[in-house]
Every structure is written in structure tokens, then in C-alpha cells.
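The values are calculated or read from the model by the stated rules, or taken from the named source; none is laboratory data. Since the model is a prediction, treat every value here as computed from it, not as a measurement. Every residue, glycine among them, receives a Cβ derived from its backbone with ideal geometry; neighbour counts consider all protein chains shown.
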Amino acid sequence: MAIAAEILAQVPGNPWAGLQRVDALWQQLREFQTSVPPVVSESAESIEPNWDVVICGGTLGILIGAALAQQGWRVALIERGILRGRQQEWNISRRELQTFVDLQLLSEAELDQAIATQYNPARIQFFGGSPVWVRDVLNIGVDPVYLLETLKQRFLQAGGKLLEQTGFQGAIVHPNGVSVQISEQTLTTRLLLDAMGHFSPISRQARQGKTPDAVCLVVGTCATGFPENQTGDLIASFTPIQHQCQYFWEAFPARDGRTTYLFTYVDAHPSRFSLEFLFDEYFRLLPEYQGVSLEQLQFQRALFGFFPSYRQSPLKPQWNHILAIGDSSGSQSPLSFGGFGAMVRHLHRLSHGIQAALQANTLDRTALRLLQPYQPNLAVTWLFQKTMSVGVDQSIAPNQINDLLNLVFGEMAALGEPVLKPFLQDVVQFPALFQTLAKTTVAHPLDVVSLLPQMGIPALADWLRHYATLAGYTALLPVTQALKPFSDRLSDRPRFFYQQWLEALKYGSGADYHP
């Protein structure tokens with residue numbers, strides 16, 4: 001029996017069976033066997049909307065649902081199971097959590113109670129290089145059980161309607177709203193928010209079955225029995241390229257042990273290995289990574305999944321009155337897993353933008369596209385993802401990825417926290433990127449040139465376009481901010497477009513980041 005099967009069979013909750021199900025989905029994706037469900041259709045008949053907003057997907061949908069209900073909108077939330085958090089903690093930075101207080105979703109006391117663990121510092125280190133240590137980055141472990149229950153109660157108290165154990169079946173788009181077909185009934189709404197995640201049937205139909213441009217494979221566990229360690233790893237490696245990919249690791253102290261992940265960036269080529277294989281690699285390498293034998297550990301739970309990324313992201317609305325948010329929209333960079341952190345980053349922007357769209361009744365797809373705008377600071381990270389992955393037929397030096405990351409992170413660390421910290425929180429800013437690239441190119445020109453065969457000229461040319469746009473967004477932002485007061489003179493629809501354009505410049509340049 002393989003080591004993953006042997007260990008996972010003993011972990012509570014039968015994660016082995018779950019792994020087999022997820023692996024089957026991963027195999028279908030690699031072999032182009034995924035179906036495109038026709039869940040959205042259109043009708044020329046008008047309806048009488050009973051709701052302002054219906055949200056499909058409760059785990060992260062409750063975040064935006066609670067915010068909109070607090071604003072006084074009629075909101076219904078559909079969740080196919082019971083809306084409650086898992087035991088697995090969500091890691092984030094303290095400053096990002098302040099969004100919940102700013103939006104009056106949590107009090108300061110409730111926010112403190114939602115924090116399960118805190119640690120410092122965190123390490124970045126790659127094979128053959130020296131560690132870089134940072135503080136206050138992804139060092140807060142949030143208790144999802146408490147957080148979601150508190151937000152659920154806030155949502156209900158504000159008049160929201162929660163439909164648990166209710167599956168989404170389909171949607172019909174009408175000229176003035178959407179009929180949402182769920183178990184045994186139909187909801188009519190002005191706006192449908194798709195928060196069903198990476199594999200949302202609405203998003204799959206909108207993307208027309210397109211194969212993802214990249215995939216992040218992740219496996220891990222939470223276990224007790226590790227040596228005492230109150231530090232974490234944001235990203236680390238200690239092996240060269242193996243099996244046509246580079247292995248990366250993450251580790252965080254948790255309330256009930258220590259959580260460790262092994263992840264890697266690949267494409268969806270049919271020959272890519274399974275999650276089961278990656279779990280075998282995880283258990284093979286974990287003792288060396290953490291300095292502990294497997295026999296010393298008591299595994300509390302297993303964590304695994306695959307996260308697709310698309311270059312054409314965030315996903316633009318394909319229909320009037322329907323907007324994808326969170327992982328359904330692909331609004332995270334290809335370097336991150338998305339989920340909680342990406343949703344929190346955009347929560348303030350989305351809640352206020354959706355409120356403005358509802359107030360101005362600008363719910364056609366042209367207007368809604370401004371709520372999921374092109375973000376050059378995320379688009380530029382596709383080149384970074386490219387340099388951290390290996391094609392199936394590529395032949396590169398075993399340590400090329402590690403050597404590059406040692407150079408880049410070494411230069412960022414030398415430039416200081418204003419350069420390093422935003423990047424570690426998935427925020428790329430032009431001044432920091434320019435300084436890092438310039439310093440790395442001047443100090444190590446031959447290493448940079450050696451990357452060209454791995455990246456490819458088309459990928460580099462595409463990146464230069466996004467890089468130039470990022471520079472333009474950064475330059476335009478101060479000018480447009482100075483003109484912002486004049487938007488009050490505009491009528492509803494032009495004012496909405498102008499305000500959302502300003503938000504697009506702000507987030508697209510990384511100006512939303514605050515240390």
C-alpha cells in the first residue's frame with residue numbers, strides 16, 4: 001500500500017475517499033472530459049424581482065451577503081450544504097482583517113475572538129539560498145467556524161434570507177432580472193452573484209469549457225507531534241526540480257497542531273501526475289522538511305485540492321444581471337490559491353460597487369464588467385508563474401527555478417519591506433516591481449537572459465504589455481483622484497462608470513494596499 005493511502009485511511013473524516021473523488025475530477029480535466037453544463041439561458045419576458053441580490057455559494061458568499069444586507073438590500077443566500085466553517089484555519093494578515101470592522105460586519109471584540117492563532121516571523125527560503133524573514137504577513141490564523149457563524153447571524157439580523165441544503169439548478173436571464181431555479185422553488189432577483197468557486201457551473205459555461213492555463217496542486221495535513229516552532233514558512237523549497245515541476249512548501253502554527261502544505265505549479269497536460277502521487281511525495285519529504293519522523297506525528301486532518309487559473313481573468317460577465325465574484329471570477333493571481341484572502345481584499349470594493357450598481361440600476365453586463373475589471377498588477381504575475389513551472393517537454397537546469405527565486409527575493413529583501421511585503425500578499429506595485437527587476441537585471445544579467453528559453457518570447461512580449469499598462473495605471477491614478485469630486489455632477493450611469501474606473505485604477509495598480 002502506498003504511504004498516502006496508509007496514513008490517510010487513519011485520519012478522521014475519511015479523507016482518502018475524498019482524495020479519490022478530487023483526483024477523478026483532476027483526471028477529467030487533464031483528459032478534456034469535463035462537461036460544460038448549460039445552466040444559464042435567456043428569455044425576453046420581464047419578471048417581478050422579489051430580491052435585489054441572490055448569492056449562490058455560502059462559504060465565501062456570506063461575506064458579501066452580510067455586507068449587502070447591512071446596507072439595506074433584500075438579499076437571499078443559497079448554500080447547497082449547511083453554512084458553517086471547517087476546522088482548517090484561514091491565514092491572512094491583521095491589516096486585511098480590519099475590512100470586517102470597517103464594513104461594520106464585526107466589532108473589534110468579535111474580530112479578536114475570530115483570531116485563533118498568531119505567529120511571527122515567517123520565512124522565505126529556496127534550495128541553496130539563505131532565508132529571508134518577514135513579520136506580520138499571513139501570520140494570523142482565523143477560525144472559520146466562529147467567523148462564518150458570526151457573519152451568518154449578522155446577515156440574518158439584517159433581514160437576509162438563508163437557504164441551506166439548497167442546490168443551484170439553473171438561471172434564466174430576463175430583461176430586468178434573473179429567475180434562479182433552486183430545489184423546489186424559483187427566486188427572482190435583480191442581480192445574481194456567483195460565489196460557487198473555481199468549479200462553478202455558471203463560470204464553466206461562461207468560459208465554454210476552456211482548459212485552464214495553469215493549475216496549482218496542493219496537498220497537506222494538520223498534525224501534532226512536531227518540535228516546538230512558533231515560526232512559519234510563506235514559501236520554501238529544499239529540493240531541485242523533480243517530476244517536471246518544482247516543489248514548494250508552506251507551514252503555519254495552528255491551534256490544534258502545525259499545518260504543512262506541499263504545492264506546485266503545472267499545466268493541465270494529460271501526463272501530469274495525480275494528487276495521490278503528490279501526497280506520497282509529501283509524506284516522503286515531510287520528515288526532512290520539518291525534522292521529524294512520521295511515527296511522531298498524529299494527523300488531525302488532511303487538506304488537498306487543485307486550483308485552476310486562466311489568463312482571461314477576472315471573468316467578464318457574459319450575461320446581464322449575473323456577476324461572478326471570488327474564485328468563480330478568478331480574481332486572484334496565478335500564484336495564489338484564491339479563497340478567503342482574495343475575497344477579503346476585494347470585499348470593500350465589491351460591496352460598495354454592487355451597492356452603486358443597484359442604486360443606479362446599472363446591471364447590464366457592460367456595467368457589471370467594471371466590477372471585475374482588468375488588473376495589470378495581477379496580469380504581470382503570469383510571467384512569474386511561468387518562471388516557477390516547467391513544461392512537460394522542457395529541459396532546464398535542475399536548480400534554475402531555485403536559483404532565480406534566490407536572486408529575486410534576495411534583491412527584494414535588500415530593497416526593504418515596502419518592496420517585499422506587498423508582493424507576499426499578492427499585491428504587485430509598479431515602483432517595487434521596477435526596482436526589483438532593474439536591480440536583478442543589472443546585478444545578474446546572464447541569469448536573466450538564461451530564462452528566455454523557459455519563458456518563451458510570446459510570454460515575455462505579453463508580459464511587457466501588462467507591465468506597460470501597470471506603469472500607466474500608476475501614473476494616471478493621482479490625476480484621476482484629483483478629478484474625483486467632479487463625478488458628483490454626473491447623472492447616475494456616467495457617475496457609476498467613472499467611480500468604478502477609478503476603483504479599477506486603484507486596485508489594478510496595487511494602490512489599495514496599506515502596510
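Taking first residues from region 305-318 that are under 14 Å from Arg204 (Cα atoms) and partners that are among the β-branched types (Val, Ile, Thr), the Cβ contacts under 6 Å between residues at least 6 apart in sequence or on separate chains come to Pro308/Val215. Being of a type outside the set (Asp, Glu), at pLDDT 95 or above, within 24 Å of Gln300 (Cα to Cα) and more than 22 Å from the chain's Cα centre (by Cα) holds for only one residue in Gln20, Gln70, and it is Gln20. From Arg365, Arg301, grab the single residue that is in contact (Cβ under 8 Å) with a residue 60 or more places away in the chain and either over 22 Å from Val180 (Cα atoms) or touching a Phe, Trp or Tyr at 6+ places or on another chain (Cβ under 8 Å) (or both). Sole residue among the options that is in contact (Cβ under 8 Å) with a residue 60 or more places away in the chain and either over 22 Å from Val180 (Cα atoms) or touching a Phe, Trp or Tyr at 6+ places or on another chain (Cβ under 8 Å) (or both): Arg301.
Does Pro334 qualify as being closer than 24 Å to His243 by Cβ, outside the structural domain of Gln205 (by TED's automatic domain parsing) and not β-branched (Val, Ile, Thr)? Write out each step before concluding.
Numbers: closer than 24 Å to His243 by Cβ: yes; outside the structural domain of Gln205 (by TED's automatic domain parsing): no; not β-branched (Val, Ile, Thr): yes.
The answer is no for Pro334.
On the basis of being over 30 Å from Gly209 (Cβ atoms) and touching a Lys or Arg at 6+ places or on another chain (Cβ under 8 Å), does Ala236 make the cut? In short, yes.
Condition check: modelled with pLDDT of 95 or more, under 27 Å from Gly508 (Cα atoms) and assigned to a strand (DSSP E or B). Does Leu217 satisfy that? Full working, then the answer.
On the way: modelled with pLDDT of 95 or more: yes; under 27 Å from Gly508 (Cα atoms): yes; assigned to a strand (DSSP E or B): yes.
Spelling it out, Leu217 is indeed modelled with pLDDT of 95 or more, under 27 Å from Gly508 (Cα atoms) and assigned to a strand (DSSP E or B).
Could you say whether any residue in region 313-327 is of a type in the set (Gly, Ala, Ser) and touching a Pro at 6+ places or on another chain (Cβ under 9 Å)? Yes - at least one qualifying residue is present in region 313-327.
Can you name the helices (runs of 4 or more DSSP H) wholly within region 351-395 that have at least 3 residues being surrounded by 20 or more Cβ atoms within 10 Å (Cβ to Cβ)?
Details: elements: 365-368, 376-379, 381-387.
Hits in region 351-395: 376-379, 381-387.
Pick out the one residue from Leu347, Leu315 that is under 22 Å from Thr189 (Cα atoms) and surrounded by fewer than 23 Cβ atoms within 10 Å (Cβ to Cβ).
Values: Leu347 fails: surrounded by fewer than 23 Cβ atoms within 10 Å (Cβ to Cβ).
Answer to the selection: Leu315.
When only residues in region 96-117 that are of a type in the set (Ser, Thr, Tyr) and in contact (Cβ under 8 Å) with a residue 40 or more places away in the chain count, which is nearest to Phe340 (Cα to Cα)? Spell out how you get there, then give the answer.
Taking region 96-117 and keeping what is of a type in the set (Ser, Thr, Tyr), we get 99, 107, 117.
Right, trim to in contact (Cβ under 8 Å) with a residue 40 or more places away in the chain and you get 99, 117.
Values: Thr99: 13, Thr117: 16 Å.
Within region 96-117, the match that is nearest to Phe340 (Cα to Cα) is Thr99.
Identify the residue in region 23-60 that is of a type in the set (Val, Ile, Thr) and under 30 Å from Val75 (Cα atoms) and, among all such residues, is nearest to the chain's Cα centre (by Cα). Among those residues, the one meeting the criterion is Thr59.
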